[in-house]
1. Would you check if F587 is more than 16 Å from W243 (Cα to Cα), of a type in the set (F, W, Y), touching a strand residue (DSSP E or B) at 6+ places or on another chain (Cβ under 9 Å) and free of Cβ contacts under 8 Å to residues at least 60 places away in the same chain?
2. Taking the residues in region 133-161 that are among the aromatic types (F, W, Y) and free of Cβ contacts under 8 Å to residues at least 40 places away in the same chain as candidates, determine which candidate is surrounded by the fewest Cβ atoms within 10 Å (Cβ to Cβ).
3. With respect to V270, is the statement that it is surrounded by 23 or more Cβ atoms within 10 Å (Cβ to Cβ), modelled with pLDDT under 90 and not aromatic (F, W, Y) true?
4. Scan region 435-485 residue by residue and report those that are more than 30 Å from T508 (Cα to Cα) and of a type outside the set (A, V, I, L, M, F, W, C).
5. Select from region 8-50 the residues that are hydroxyl-bearing (S, T, Y) and farther than 28 Å from F154 by Cβ and write down the one among them that is surrounded by the fewest Cβ atoms within 10 Å (Cβ to Cβ).
6. For region 232-256, how many residues meet the condition of being surrounded by fewer than 22 Cβ atoms within 10 Å (Cβ to Cβ) and among the aromatic types (F, W, Y)?
7. Can you find a residue in region 438-451 that is on the phi < 0 side of the Ramachandran plot, modelled with pLDDT under 90 and touching a helix residue (DSSP H, G or I) at 6+ places or on another chain (Cβ under 9 Å)?
8. From the set of residues in region 371-390 that are of a type in the set (V, I, T) and surrounded by 12 or more Cβ atoms within 10 Å (Cβ to Cβ), which is farthest from T289 (Cα to Cα)?
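The values are calculated or read from the model by the stated rules, or taken from the named source; none is laboratory data. These numbers were taken from a predicted model, which means no experiment stands behind them. Here the Cβ is made from the backbone with ideal geometry for all residues, glycine too, and neighbour counts use every protein chain on show.
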Amino acid sequence: MATFGSFALIIALALAAYNLLAGAVALRLLATGQPAPISPERLADTARRAGIAGFVAISGAAFALIWSVFTNDFSITYIMEHSNRALPGMYKFSALWSGQEGSLLLWAWLLGIYGFVLRLTHKRDVTLYAYAGAILAAVQVFFLAILNFAAPPFALFRGAIPEDGNGLNPLLQYPEMVIHPPMLYLGYVGFCIPFCFALGALMMRYPGEKWIRITRVWTMVTWLFLTCGIFLGMHWAYAVLGWGGYWGWDPVENASFMPWLTGTAFLHSVMMQEKKGMMKSWNVWLIFTTFLLTLLGTLLTRAGLVSSVHAFAQSSIGTWFVIFMGIVLAVCIFTYIYQRSHLKSEHRVESLVSRESSFLFNNLVLLAACFVILWGTLFPVLSEYVVGNKVTMGAPWYNTVAIPIGLFLLLLTGVGPLLPWRSTSMKSIRRNFILPVAVLWGTVIICLAFGVRPWKDGAFDSGDFYALVAFSLSTSVLSAILSEFVRGAGVISKQTGRNFFTAVWLLTRRNTRRYGGYIIHIGVVIVVVGLAGAAFNKNVESEMALHDKMVIGTYTLENVGFTQDSNLNYNSEFAQLDVYKDGKKLFQMTPEKRVYLASQQPQTMVAIHSVPGWDLYIVYEGTNASTGQPIIKAFLNPLVSWIWAGVVILVFGTFVALFPSLLPSTAALRVPARSAPVEPALTGGAQ
């Protein structure tokens, strides 16, 4: 299989190179109208077909690597280093992205899948798709060149072939890690598609905003994949790493978050270009920046530039990525300067208190957050290069800077939908903001009554202060969003005679993009509430002999057993803890510590009991060397389940905004023709 896989990668590289060269020549001939031995249309079609054939070749290489994992072909160095015979079947798939070479193959394969779909839909706009396809081929050439010359996944093991491999990284032997990396990569790779369309549209001076509408679905699907990937990673960190948290501002976590921020800004600001012909240059550079940040994220993870539980060791591919990113940036700058006259805005912001200005402020704050995270992530690398000493920016620094930015973004989430386009009158401000402001101050009073105090014992408590602001803004924003649903549904209910819930359904059906956006914002609010709960986390640690007890919050934990187990893949130790509340036994929890036989590496298996108000989170930290007794650390983490619930709402809202056809049209929901109203003139929402 090693020979087949290597040959497939060589063929894929040749086909991608032909796709790039033939596509570029065809586009040049079409632009100049010069005579040629073969028609430009025919040449462009052969380039498109080469791209499709290249996808088949890359798929063959990916299949060869997966086949080699399942057949335990340890003659391939990559398989020997990242798999073993006792590895469960579901985790053998994880070997594809557990190492540098395999993860780069996954990058190229997913890019091939996206390119395959793009080339099958080329008839929507042949010339624009040809430009996008040629640019996509250039990116594909880069990754295939790395796979063929710098990081070959099918390199053969030198020496006697071992009977068994080193095994998969224990951190990857968790069910979510079969889903999280591919989901994250679908987001990373997917942003290449809107980048290709944006650069292609700029190169050909594509008229109007049609390229925005074409790429809208691509961008939203990619953003959804990246969002799911980030939150799956958070849940994995929470359930596996055993430190009681879910986001540690790790450099590789940051690398996935930065393109998410710029991608979110792009999704918001393209509405300005579609509706008002504004922010054209801004949008082009947002998508350029997003693609460059995905490359940077891949560089940080694969080249070992930063210290992280996700990152690989030092590697020579860093030079390849730096050169390629420099080329991409140079092409973007040159094309922008050459074609900048095509990007003149048709309108300007007329008022600081308007929907347009809220979009602009939203973008500025998102970019500020991205810059702060980028600076903190790269500062250790820069400090080592300049002064020879690596200075790391820890979580407290990020929290000090990022939390206020995040809260301001939350404020804009509520303010933006309440502002009309162009300008806002004082009467409109009073009408639209009276309820959110009243809810905000009502929440402040309730939080203070329940003991959320920014000042404790004469000292300022930043945790309680930020929690108070987050809770208050969240309820205020939620009231603003829900009022939009209530107001619009009231208009429809009055005009059609439908009940309120049917009116809400009809309202959403009539503008799925706007109200799907509202649902996404509701999900974001719920996530923020969950994040704010971290200010009230509690933890306690103790060595627990048999029948010893530990108290945390309202729970009492009793150690009723300590035992060991083993199988072909790992040995394990775990404690059995009975959990009591008010003297009544509720359930038993069994935190575990594993040591994998192939790699001799440990892994923590956290025991978590989750209810809507909090999580009881138990970690088995090992045994005391002198007494042999287990050491247990318990956390009580409020509102964590709200984070995962908010993500579900966010995903649902994205589907509503993406696929209006998923909301079935039934006769029961049709508005009678005689009373069908015009779309209610509401105050706002994500259009």
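1. yes
2. So, considering only residues that are among the aromatic types (F, W, Y) and free of Cβ contacts under 8 Å to residues at least 40 places away in the same chain, the one surrounded by the fewest Cβ atoms within 10 Å (Cβ to Cβ) is F149.
3. So V270 fits the description; yes.
4. G451, R453, P454, K456, D457, G458, D461, S462, G463, D464, Y466
5. In this case the residue turns out to be T32.
6. 4
7. No, because not a single residue in region 438-451 is on the phi < 0 side of the Ramachandran plot, modelled with pLDDT under 90 and touching a helix residue (DSSP H, G or I) at 6+ places or on another chain (Cβ under 9 Å).
8. V381
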